[in-house]
Amino acid sequence: MNNLRHVVVILGALACLAACVGDFLFTFLLGSRYPDYNQITDVMSLLGTSGSPVSHIISLWWIILGFLIIIFAVSFRITFSSPGIYPTISFWLLVTYGAGEGIGSALFKADVAEISMTSSYVFHDIFSGAGVLAILILPLSVARISPFSMSIIFRRFSWLVFISGTLLLILFTFRFTGSVSTFPVKYTGLWQRLFVFQSYIYLLVIASVMARRALFPKAGSVD
């Protein structure tokens, strides 16, 4: 039974690796196939709009991404099954991210009709926003789970990810001001990608701890 559990945990860690690395690769490669698309100034959602030449491909990837994150979430919950509310909270935050930023963003395209938002755009923002909020506060929950809570380095790392994520999210939200000439708005795509990048680094650190605990059960430390 323990061997099966270890296999599931390792598969979950690999799912996380595939999701994080794959998301950046797909976004970069498909963005290069979209004429006039700029990775620094344009948001990722633009790749999935109805007018995008890579809409169907990126939407399919986002669905796969969502399921990979959910698989990782299940593996995470199996790995850290200690009593307490934080393992459960962390599990649902990961599921929310996978379902929101992945599956929800794929099913509802960020389309606009002339100067107004479509219902699909609204639902896209709702699902995406829920996913972003979930991944933003995830470090605050994971840092309270053993063995992470026993590592001062990891706790500081968690706070760093949360604070930097909050700052990047604030910079990203300047896009709603409508003033494209201001400094933050010019680099909307950059803020979004940096936010995703630091969030994925955090997930990969968790995945590496999970894999190490499965391969070397006696290794209890996070440091």
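The values are calculated or read from the model by the stated rules, or taken from the named source; none is laboratory data. Every value quoted in this text rests on a predicted model; they were computed, and no experiment measured them. With ideal geometry, Cβ positions are generated from the backbone for all residues, glycine too; neighbour counts draw on all protein chains shown.
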*Return yes or no: is Ile126 in a loop (DSSP other than H, G, I, E, B) and more than 20 Å from Phe24 (Cα to Cα)?*
no
*asked:* Take the conditions in contact with a helix residue (DSSP H, G or I) (Cβ under 8 Å, 6 or more places away or on another chain) and either part of a helix (DSSP H, G or I) or under 21 Å from Leu25 (Cα atoms) (or both) and apply them to His56. Does it pass?
replied: no
*What number of residues within the stretch 71-121 satisfy the criterion of being among the hydroxyl-bearing types (Ser, Thr, Tyr), more than 22 Å from Leu203 (Cα to Cα) and part of a helix (DSSP H, G or I)?*
3
*Identify, by number, the condition in (1) loosely packed, with under 15 Cβ neighbours inside 10 Å; (2) modelled with pLDDT of 90 or more that Leu4 doesn't meet.*
(2)
*asked:* Given the criteria among the hydroxyl-bearing types (Ser, Thr, Tyr), more than 30 Å from Phe176 (Cβ to Cβ) and either more than 15 Å from the chain's Cα centre (by Cα) or buried (at least 17 other Cβ atoms within 10 Å of the Cβ) (or both), does Ser50 qualify?
replied: no
*Give me the pairs: first residue in the stretch 116-141 and more than 10 Å from Glu101 (Cβ to Cβ), second residue among the β-branched types (Val, Ile, Thr) and not in a helix (DSSP H, G or I), beta-carbon distance under 8 Å, and six or more apart or on different chains, which are they?*
Thr118/Val112; Tyr121/Val112
*Looking only at the stretch 74-119, count how many residues are among the polar types (S, T, N, Q) and more than 22 Å from Met210 (Cβ to Cβ).*
4
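Please verify whether Leu68 is in contact (Cβ under 8 Å) with a residue 40 or more places away in the chain and closer than 22 Å to Val205 by Cβ, treating the condition exactly as stated. Lay out the reasoning, then the answer.
Details: in contact (Cβ under 8 Å) with a residue 40 or more places away in the chain: yes; closer than 22 Å to Val205 by Cβ: yes.
Yes: the conditions hold for Leu68.
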_Please determine whether any residue of the stretch 72-90 is within 19 Å of Arg193 (Cβ to Cβ), surrounded by 17 or more Cβ atoms within 10 Å (Cβ to Cβ) and either of a type in the set (S, T, N, Q) or under 13 Å from the mean Cα position of the chain (by Cα) (or both)._
no
